[in-house]
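Values in this text are rule-based calculations from the coordinates and carry no lab data. These numbers come from a predicted model, not from an experiment. No Cβ is skipped: glycine too gets one built from the backbone with ideal geometry, and neighbour counts run over all protein chains shown.
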């Protein structure tokens, strides 16, 4: 158990819908990272937040957005969902003062778009 | 961010030492090398990180030659439970402005 929690574990929805994925980082960690992992794309970095501020952007679509709240939990919002958005979505966190490449991943949310 | 290249898959037998090499020819001076392990439907798990020479922890060793253009993850005496995908990640320590690029990883199969 990495200490990072993600809810829900599974989500099934229809095309065109909007969903919100939630992540709570490890206690004391200020950075939150979001990743998408699909069978044909591997692990794709989406976005990073540090203490409420966006710090880095990867391959995040305009239909996707994220935020980090004052209590440091983060939410990833996916809208106008398409079949190709079906994937595992992982959240990771890292501690302040440590390497940003030392990340602790949550168990993931499996999103299925029908 | 340095692009990495790893073998797509490897097979080994229980009790053997496994070495997985990652190439990162355009690694930058400030880049560190980090290895992760991922089991099916689970999040990746940090294994080891290094900058140069050799790093060892209770799980693995990481060998980095002087030119740092490659690195080798060494798993001593593997067991069936080491069957997983192993990713090499190259990046700086700073907490901003990075695009964390995980390659396709190496799928290790440990056979009895």
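If a residue counts only when it is within 26 Å of residue A:44 (Cβ to Cβ), which strands (runs of 3 or more DSSP E) contained entirely in the range B:25-71 have at least 1 such residues?
Details: elements: B:32-38, B:45-50, B:53-56, B:61-64.
Per the criteria, B:32-38, B:45-50, B:61-64.
Based on this model, can you work out whether residue B:8 counts as touching a residue at least 60 places away in the same chain (Cβ under 8 Å) and either touching a strand residue (DSSP E or B) at 6+ places or on another chain (Cβ under 6 Å) or closer than 30 Å to residue A:110 by Cα (or both)?
Here the answer is yes, as residue B:8 does meet what is asked.
Quick one: which of A:32, A:19 is crowded, with 18+ Cβ neighbours inside 10 Å and over 22 Å from residue A:3 (Cα atoms)?
Result of the check over A:32, A:19: A:19.
I'd like the residue in the range A:88-114 that is more than 12 Å from every other protein chain (Cβ to nearest Cβ) and crowded, with 16+ Cβ neighbours inside 10 Å and, out of all such residues, is farthest from residue B:43 (Cα to Cα).
Here the residue is A:113.
May I ask you to list the residues in the range B:40-63 that are surrounded by 13 or more Cβ atoms within 10 Å (Cβ to Cβ), more than 9 Å from chain A (Cβ to nearest Cβ) and closer than 23 Å to residue B:78 by Cβ?
B:47, B:48, B:50, B:55, B:56, B:59, B:60, B:61, B:62, B:63
Would you say residue B:85 is assigned to a strand (DSSP E or B) and under 27 Å from residue A:34 (Cα atoms)?
yes
Take the range A:45-60 and flag every residue that is surrounded by fewer than 16 Cβ atoms within 10 Å (Cβ to Cβ) and either touching a strand residue (DSSP E or B) at 6+ places or on another chain (Cβ under 6 Å) or at the interface with chain B (Cβ under 7 Å from one of its Cβ atoms) (or both).
Listed by number, the residues that qualify are A:52, A:57, A:59.
Got a sec? Which of B:85, B:78, B:92 is away from chain A (no Cβ under 13 Å) and surrounded by 16 or more Cβ atoms within 10 Å (Cβ to Cβ)?
Residue meeting the stated conditions: B:78.
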